[in-house]
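The values are calculated or read from the model by the stated rules, or taken from the named source; none is laboratory data. Predicted, not measured: the structure shown is a model, and the values here were computed from it. With ideal geometry, Cβ positions are generated from the backbone for all residues, glycine too; neighbour counts draw on all protein chains shown. Heads up: the accessible areas ignore ligands, DNA and RNA and are worked out on the full protein's heavy atoms, side chains in. Shrake-Rupley method; radii C 1.70, N 1.55, O 1.52, S 1.80 Å.
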Amino acid sequence: MTTPTGNLRIESTRLWDRLMRMAKIGPGIAGGNNRQALTDADAEGRALFQRWCQDLGCTVAHDSMGNMFAVRAGTDPNAAPVYMGSHLDTQPTGGKYDGVLGVLGALEVMQIIAELDVKTKHPIAIANWSNEEGTRFAPALLGSGVFAGVYDQSWAYGRKDSTDKTFGDELARIGWQGDEPVGIRKMHAYYELHIEQGPILEAQGKDIGVVIHGQGLIWLQITIQGKASHTGSTPMAMRKNAGLAMARVIEKVDQIALSHAPNAVGAVGHLEVTPNSRNVIPETAIFTVDFRSPDASILQDMEAKLRQEAQQITGEMGLTISFENAGQYAPVSFDPACVTTVRQAAKKLGYAHMDLISGAGHDACWINQICPTAMIMCPCVDGLSHNEAEKITPAWAAAGTNTLLHTVLETAQITS
Ligand code: HGY
Ligand code: MN
Ligand code: MN
């Protein structure tokens, strides 16, 4: 091998410039991003990413779920590619780095490999997964979930946003519905670089998180039906207040999660009441409970307890209630060999590192079901994410991307 891989490093200024360039697409209102899945902004970000990949000479394609792939050939045409990637879609008040660092970090790795003409046995590829956030179209991790065979594509196409637009129609409208059947690509391994979205790495003074597990998740969408009536003239005892019932159930979400502390979290981030008028008792309340835990039995207990408590609350108030599973995945253990490769890369590069359990969900959680998978995390300031003030340092971005570079080269096997 002509290039001493030991001192290989990415071009951190170029990486940072690309992160800032992508951040200009789908800007938020407070310095972050609002580039939600299958919006025109998402389409614009996809096109920019595609151009950057084509400029590197990669073969770029996208499948019938809009998942994007860029591939650099290896020396062995029969060897499955080593993939790396994440997502470019953001929350409505998202940060500039959630998902984006994983996609543009992979692009930077690809550029270094291409510029130095490093040859590897396995092809090397980048993935940009559709609709990771699940904020516009539930569930989260939809593109990677269909790719991994967890969800059926026709079910995914029918998922609706709050204006009743479907995933399938919006994917076709933005022109990113590919002919390639989703899920046909074989993967030798998959690595995802992602910001931690929590406070642990920064608090521990670490540059790299070697992710060994990921929390499981349940999204339970609840609909409570009451009766609209006048907030002034309806006697308190006669009210059928769906909004009040929702508030009581949300209090139970908090209590149930705290009862399993520190191995569980719970919140309600999506809430809708109708008619949502100041002087009408809420008739309907629709909201989504987000429970997470690294322990599957705790997840099950939290869901069962909440269903029971919520039914009791609405029963006592004379309201009706219904539940819909809006997304779910079990706790994840990543591939030990891939995890070791990540850990060794961080060690070789001299980065302070520690094993970590991912609090957030990632496309890697589904891809882990179809090929050996691991994740690399870098810190973020105050652990803040899903907030426009999300912040990382160029040094953290470089540390994560250098670790990805060496991890991918080790797995793809350098030949010259
Ligand atoms: O919800 C999650 O954990 C991810 O950010 N979509
Ligand atoms: Mn993410
Ligand atoms: Mn996210």
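With a Cα-only, solvent-free Debye model of the chain, what are the log10 I(q)/I(0) values at q = 0.11, 0.12, 0.13 Å⁻¹?
-0.81, -0.94, -1.08
For the chain, what is the percent of antiparallel DSSP beta bridges, rounded to the nearest 5?
The antiparallel fraction comes to roughly 70 percent.
Take the alpha-carbon centre of the stretch 98-114, take the same for the stretch 352-375, and report the distance between them in whole Å.
So the two Cα centres are separated by 17 Å.
Enter the accessible area per residue of the chain (Å², integer; probe 1.4 Å; all protein chains in place).
40 Å²
Name the residues whose placed amide hydrogens come within less than 5 Å of the amide hydrogen of T284, ignoring near sequence neighbours (fewer than 5 apart) on the same chain.
G226, T274
Just the projected area, averaged over all directions, of the convex hull on the alpha carbon atoms of the stretch 15-120: how many nm²?
Approximately 6.8 nm², given one-decimal rounding.
Please check which bits of the stretch 168-183 a label hung off D40 would reach, taking the label as a point 7 Å along Cα-to-C-beta and the cut-off as backbone N under 13 Å.
Correct set: 174.
Can you compute the FRET efficiency between D17 and I200 using 1/(1 + (r/R0)^6), with r the Cβ-Cβ distance and R0 = 22 Å? Round to the nearest 0.05.
0.15
Mind listing the phi-derived Karplus ³J(HN,Hα) values for the stretch 131-138, rounded to whole Hz, using 6.51, -1.76 and 1.60 with θ = phi - 60°, and x for any glycine or proline?
Result, ordered by residue: 6, 6, 5, x, 7, 8, 10, 6 Hz.
Give me a comma-separated list of calculated 3J(HN,Hα) values for the stretch 350-362, in order, Karplus coefficients 6.51, -1.76, 1.60 applied at θ = phi - 60°, integers in Hz, x for any Gly or Pro.
For the stretch 350-362, the Karplus-derived couplings read x, 8, 5, 9, 8, 5, 8, 9, 6, x, 8, x, 8 Hz, x marking Gly and Pro.
For W129, W155, W52, give the ranking by accessible area with the largest first, probe 1.4 Å.
Largest accessible area first, the list is W155, W52, W129.
Round to the nearest 10 and give me the degree value, 0 to 90, for the angle of helix 242-259's Cα axis relative to the longest principal axis of the chain.
50 degrees
I want the local charge near P181. Using Cβ-Cβ distances under 14 Å, sum +1 for each Lys or Arg and -1 for each Asp or Glu among the other residues.
Taking every Cβ under 14 Å from that of P181, the sum is -2.
Just check the stretch 149-231 against the gyration tensor rule for me: Cα atoms, a ≥ b ≥ c as the square roots of the eigenvalues, rounded for a/c under 1.5, and otherwise prolate or oblate depending on whether a/b exceeds b/c.
It is oblate, given that a/c is not under 1.5 and a/b is not larger than b/c.
So what is the calculated 222 nm ellipticity per residue for the chain, using -39500 (n - 2.57) for each DSSP H run with n of 4 or more, over all residues, to the nearest 500 deg cm²/dmol?
Mean residue ellipticity, 222 nm, calculated: -10500 deg cm²/dmol.
Loop only by DSSP, 16 or fewer other Cβ within 10 Å of the Cβ. Give me the trypsin sites (Lys or Arg not before Pro) in the stretch 277-334 that pass, ordered by residue number.
Counting only loop positions with at most 16 other Cβ atoms within 10 Å, the trypsin sites (Lys or Arg not before Pro) in the stretch 277-334 are R278.
How many angstrom separate the Cα center of the stretch 177-224 from the Cα center of the stretch 240-282?
Using only Cα atoms to place each centre, the spacing works out to 27 Å.
For a quick check: with amide H placed at 1.01 Å from N, whose amide H comes under 5 Å from G28's, ignoring anything fewer than 5 positions away on the same chain?
Sorted by chain and number, the residues that satisfy this are N33, N34.
Need the full-extension length gain, E180 to T75, defined as separation in residues times 0.36 nm minus the C-alpha distance. One decimal, nm.
35.4 nm
DSSP loop (so not H, G, I, E, B), at most 13 other Cβ within 10 Å: list which trypsin sites (Lys or Arg not before Pro) in the stretch 175-221 pass both filters.
Listed in order of number, the matching sites are K186.
Isolated Cys in the chain by the 4.7 Å beta carbon test?
Result for the chain is C338, C365, C371, C378, C380, no neighbouring Cys Cβ within the cutoff.
Taking all protein chains as present, what is the carbon and sulfur share of the accessible area of the chain, in % to the nearest whole number, probe 1.4 Å?
C and S atoms contribute 51 percent here.
So how strong a dipole does the chain carry about its Cα centre when Lys and Arg Cβ are +1 and Asp and Glu Cβ are -1, to the nearest 20 debye?
Its charge dipole is roughly 180 debye.
Kindly identify the stretch 226-378 as rounded, prolate or oblate by the Cα gyration tensor criterion: order the square roots of the eigenvalues as a ≥ b ≥ c, call it rounded if a/c is under 1.5, otherwise compare a/b with b/c, prolate if a/b is larger, else oblate.
prolate
Through the Karplus equation 6.51 cos²θ - 1.76 cosθ + 1.60, θ set to phi - 60°, convert the phi angles of the stretch 92-107 into ³J(HN,Hα) values in whole Hz; use x for Gly and Pro.
Going residue by residue, I get x, 10, x, x, 8, 10, 4, x, 5, 4, x, 7, 7, x, 5, 5 Hz, with x marking Gly and Pro.
Run the numbers for I29 and A304: contour at 0.36 nm per residue of separation, minus the present Cα-Cα distance, in nm.
95.1 nm
Take every DSSP beta bridge with both residues inside the stretch 1-147 and express the antiparallel ones as a percent of the total, to the nearest 5.
For the stretch 1-147, the DSSP antiparallel bridge percentage is about 70.
Hey, can you grab everything whose amide H is under 5 Å from the amide H of M84? Only 5+ residues off in sequence or another chain; H modelled, so Pro and N-termini drop out.
A125, I126, A127, Y191
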